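Every number in this text was worked out from the coordinates using simple rules, so none of it is lab data. Predicted, not measured: the structure shown is a model, and the values here were computed from it. Note: ideal-geometry Cβ built from the backbone for every residue, glycine included; neighbour counts use all protein chains shown.
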Amino acid sequence: MRYSPAAGMARVISSFTGLGKKYGLEWWILVIGAFIILAIITMALFSSSIAPFSPYDQNTGSQLAPPGGEHLMGTDNLQRDVWSRIVHGSRTILRVAVLAAIMSSIIGITLGLISGFSGGFFDRVTSLIMDSVYSFPGLILAIAFAAMLGPGVINITLAVSVIYIPTYFRLVRGQTLAIKEELYVEAAKAIGASGFTILWKYIFPNVIATTVVVFTLNVADAIMIEAALTYLGLGLPPSIVDWGMDLAMGKKFLPSGQWWLITFPGAMISLLALGFTMLGEGLAEILNPRLLER
Amino acid sequence: MVLRVMPGDPVSSMLGGHAPEKVIEQKKQELGLNRPLPIQYLDYLWQVCRLDLGDSMVFKQRVTKAIAEKLPATIELSIFGILITLFLGVFLGAYAADKRRKVQDYVIRLYGIVVYCIPVYWMGLMLQLIFGIWFDVLPIAGRTGPRVFASTFEKTGLYVLDTILVRDFSALGDVLIHLILPAFTLGLVLSGIFIRLTRANMLDVLKADYITAAEARGIPHSKIVYKHALKNAFIPILTMMGLQIALLMAGAVLTETTFSWPGMGRLLLERIYLRDYPTIQGVIIIIALVVATASLIVDIIYAIVDPRVRY
Amino acid sequence: MKTILDIENLTVNFPINIGTVRAVEDVSLKLEEGEVMGLVGESGCGKSTLGFSILRLLRPPGRIVKGRILYHGQDIVQMSEREILSLRGRKIAMIFQDPLTSLNPLFRIDQQFIETLLTHEKRLGKKTAFTRAEKMLESLGISPERLLEYPHQMSGGMRQRIMIGMGLILNPDLLIADEPTTSLDVIVEAQFLDLLNELRKQFNLTIILITHNLGNVAQLADRITVMYGGTLMEVGEANDIFDNPLHPYTQGLLSSIPNIKLDQPELKIMPGSPPDLVNPPSGCVFHPRCPYVKEICKVRKPEISQKDGRLVRCWLYG
């Protein structure tokens, strides 16, 4: 069968708009979010090809130049091209945020499943710890951890990941507790299914949908926390290219009006966080319109 | 309540454990740091209960004193931040619920999502840029201007209150102007959450029978939305407020660094750079206490506002 | 006898995502001053929607698409926002099914009364309003001290009386009662109906009693309107209809009431289920369940015919 590229495109577009009509606003929010994320991921993956200069290059010719001409976003006080630093910075932030989210989710979900399912002393102690961490301001905890662990990519990832573990824990534990009481689980137990089988086959699949949503929002939060940490000077050494750090450095030039040093990094942080948030929100409303109101 | 104070502890114990490496043997003996960790920890807890947070490692200063000097600034900023968040969040949320599915609703909801994704400090910097540099109408740092001396009115540390008490109204004006940008920065970012919450609650409340019954009595629409419905929707919002105090504290730290606001957040960071562990621990414990107290206060307010809980 | 309310060809639709729900189809009704009109039918027949439409309290997406509702010559459907606000609560009042949820839980009873009074009579002071509320409570048999209480502190029957009180405080001409006894137990229900009767005489009220409970209607109503599937089926004097129901649906309705005096081996029910209002049956909306169905019933909707002083919409009579 042969498809002309035009026909193929037309089919993709029509299925897009078809889903759009079905789900309304949420679908478009999801699409926009996904688009933003993909764009920035592309930026991260192909940063060397996209960025005109090296982010470390201190000889680009002009110091503190406003945006224009060769330098799309201007240059900083060390003659580095801002746009190149933005492009390369995307790698750092994505790496830390996504990795932290993955770590959080694995630990949080596992603990939540076990705790919810087995109950008893373990459950009580773990819940207590999780609740304490959860009610404490995340950023401050992250600051404490980052300060303790010192600078470094691994360290900052660890610091960021700890914050979100309780969120997954509570979510999964709650669902596990609810599903545990369902009749079909009783039935499975009656025919001799082991604890692990029940966890894997019954509880886990139910938990996945909400977890995916939480994951995207987790990444969004992780992005914000990572940037906040580096802005405060904790977490990463100055040798690594990072949006938060660029913001901190650009802050010094604010009084003299060199706005491009802070505007672009900050906008990128917002944009990336927004992308993940939109993806998460769109997914949430589509997957479970009951839970979230309309 | 006690549970919520605990979070400070795992962190402080870890930080406490970090210190010994940095201290020479003699000092170690002196400070009792060569005792087993659990004993140190219990000892510290006992100290805390007696409101003694120890001495700063870096400055010749009692930690409690250092914190007490900076705490009011943070509290003042937080209060104004909350006020802005509430005003913006609640009214925009109610308005969006009223104009459901119309343009205003979508715009406000979009604003809610976007605003949350904007880093507090970036918002602060941009506001500083626009209002402080380009338009030059608002100050971008500190709590008071160059010609105002806090010592002339300082009593509680809450400058708005102090200047009113002393009736120094020009100073009051100065203090308020300095509050505008930081409070807005703090308040705007959190308002997104409240908008969504208020809107959701309002939509539920507006479906209620008593709303229809009030309509049937000829009560005008705006009163129905902003008096009848809002008061009912407000209660769950209050509870949510308690949970947001944590976010507020986090935001305060970032706002303080951006605006050179002499509060606890800045203190925390300062001391982290200086590796002044006792102070760091102290600040974290105070923050935990603040969060716990705030939750308690919210519970009390809840009981006052909802008559059903009382009887 | 003066006609106080004249509903002409009222049609109300609810456009939803699966189609348009035809809740009220071409209903015409005249209400005489001082009478109690029982508006009966099963759930979903459109009686409540009709009631809500009179005061334009329909929730979106509900819309009045056609028809007029004439009150003292003015068409309610065309009224401005201001005009309708002054009508509600003052000339035409409405009370609802569940008194617990119909009263705002966060406001005291006196506050709710005073608000209603001051909305319509702005010059009235708070004190005068309070006194009026006290008097109203007395005439309802409630101690005035209870004005300072909150709704949840009262019993169900008392709340329902408060509801009536708030409805009647401004002395309206017409009271629409939407299933007012459904959430009350039997004894309180009886008291409530007695009270309604008393008040009707005392205030010279016209009442539309919307209910699916034929017992209420038997006790209180002067005339009855029977609705089914959004359409008017039969209108007539209450006694006449009970003695001799003309419309097959009315007959089915009345015979399904268990009668303790009769020796019934089994309860009579009407076969079938209520119509789908998005895709209603063709012709007469009742024809799938009618024991006397003829060919014409499936094709054409019957006109309203007059018989023995009654209105019936059935091919048996027209």
Q | Volume per residue that the Cα convex hull of the range C:88-221 spans, once the total is divided by residue count, Å³ | A | 96
Q. Can you give the three extents of the C-alpha atoms in the range C:44-162 along their principal axes, from longest to shortest, in whole Å?
A. 47, 37, 24
**Q.** Total charge dipole magnitude, chain C, about the Cα centre, Cβ charges on Lys, Arg, Asp, Glu only, Debye to nearest 20
**A.** 860
Q) So which chymotrypsin sites (Phe, Trp or Tyr not before Pro) in the range A:25-127 end up in coil per DSSP with only 11 or fewer other C-beta atoms within 10 Å? A) A:Phe46
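Let's test the formula: R0 of 35 Å, r as the Cβ-Cβ distance of A:Ile208 and A:Leu128. What FRET efficiency results, to the nearest 0.05?
Plugging the Cβ-Cβ distance into 1/(1 + (r/R0)^6) gives 0.85.
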Q) In units of 2.2 N^0.38 Å, what is the alpha-carbon radius of gyration of the protein assembly as shown? A) 1.18
**Q.** Cα shape, the range C:132-191, gyration tensor, a/c 1.5 rule
**A.** oblate
Q. Considering the dipole of the range A:52-101 built from charges on the beta carbon (Lys and Arg +1, Asp and Glu -1) around the Cα centre, which of A:Gly74, A:Leu64, A:His88 is farthest to its positive end?
A. A:His88
Q.
If I stretch the segment between C:Ser255 and C:Ser80 completely, what's the gain in nm (0.36 nm per residue apart, minus their alpha carbon distance), one decimal?
A. 58.5 nm
**Q.** Vicinal HN-Hα couplings computed from phi for the range A:148-158 (Karplus, 6.51 cos²θ - 1.76 cosθ + 1.60; Hz; Gly/Pro x)
**A.** 5, 7, x, x, x, 5, 4, 4, 5, 4, 4
Q: Output the Cα-based Rg and Dmax of chain A in Å, rounding Rg to one decimal and Dmax to a whole number.
A: 22.9, 76
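Any of C:Lys91/C:Lys126; B:Lys227/C:Lys135; B:Lys70/B:Lys223 with alpha carbons more than 32 Å apart? Name them for me. Provide the component values of the computation, followed by the final result.
Details: C:Lys91/C:Lys126 21 Å; B:Lys227/C:Lys135 27 Å; B:Lys70/B:Lys223 43 Å.
Over 32 Å apart, Cα to Cα: B:Lys70/B:Lys223.
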Q: May I ask for the distance between the Cα centers of the range A:157-180 and the range B:260-295, given as a whole number of Å?
A: 27
Q | Given charges at Cβ of Lys, Arg, Asp, Glu: the protein assembly as shown dipole, positive-most of B:Gln104, C:Pro275, B:Gly251 | A | B:Gln104
Q: Can you check what the net charge comes to around C:Met79, using other residues whose Cβ is under 14 Å from the Cβ of C:Met79 (Lys, Arg +1; Asp, Glu -1)?
A: +3
Q.
If you restrict to DSSP beta bridges whose two residues both lie in the protein assembly as shown, what percentage is antiparallel, to the nearest 5?
A. 65
(Q) Can you compute the FRET efficiency between B:Ile300 and B:Leu243 using 1/(1 + (r/R0)^6), with r the Cβ-Cβ distance and R0 = 22 Å? Round to the nearest 0.05. (A) 0.90
Q) With +1 on each Lys and Arg Cβ and -1 on each Asp and Glu Cβ, how big is the dipole of the protein assembly as shown about its Cα centre, in debye rounded to the nearest 20? A) 820
Q) So if R0 is 51 Å, what FRET efficiency would C:Asn213 and A:Ser118 give, r being the distance between their Cβ atoms, rounded to the nearest 0.05? A) 0.45
Q: Could you work out the equivalent-ellipsoid semi-axes for the range B:199-280, taking the square root of 5 times each eigenvalue of the Cα gyration tensor, largest first, in whole Å?
A: 47, 12, 7
Q: Over all directions, average the projected area of the Cα convex hull of the range C:196-262 and note it in nm².
A: 5.3
Q. Can you sort A:Asp242, B:Asp204 by how many other beta carbons sit within 10 Å, fewest first?
A. B:Asp204, A:Asp242
Q. Using the C-alpha atoms of chain C, what convex hull volume per residue, in cubic angstrom, is computed?
A. 151
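If neighbour count is taken as other Cβ atoms inside 10 Å, put A:Phe253, C:Phe14 in order from fewest to most.
A:Phe253, C:Phe14
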**Q.** Cut-off 14 Å (backbone N to label point 7 Å along Cα→Cβ of A:Leu72), residues of the range A:35-62
**A.** A:39-55
(Q) If you average the C-alpha positions of the range B:169-226 and of the range A:88-115 separately, how far apart do those two centres end up, in angstrom? (A) 36
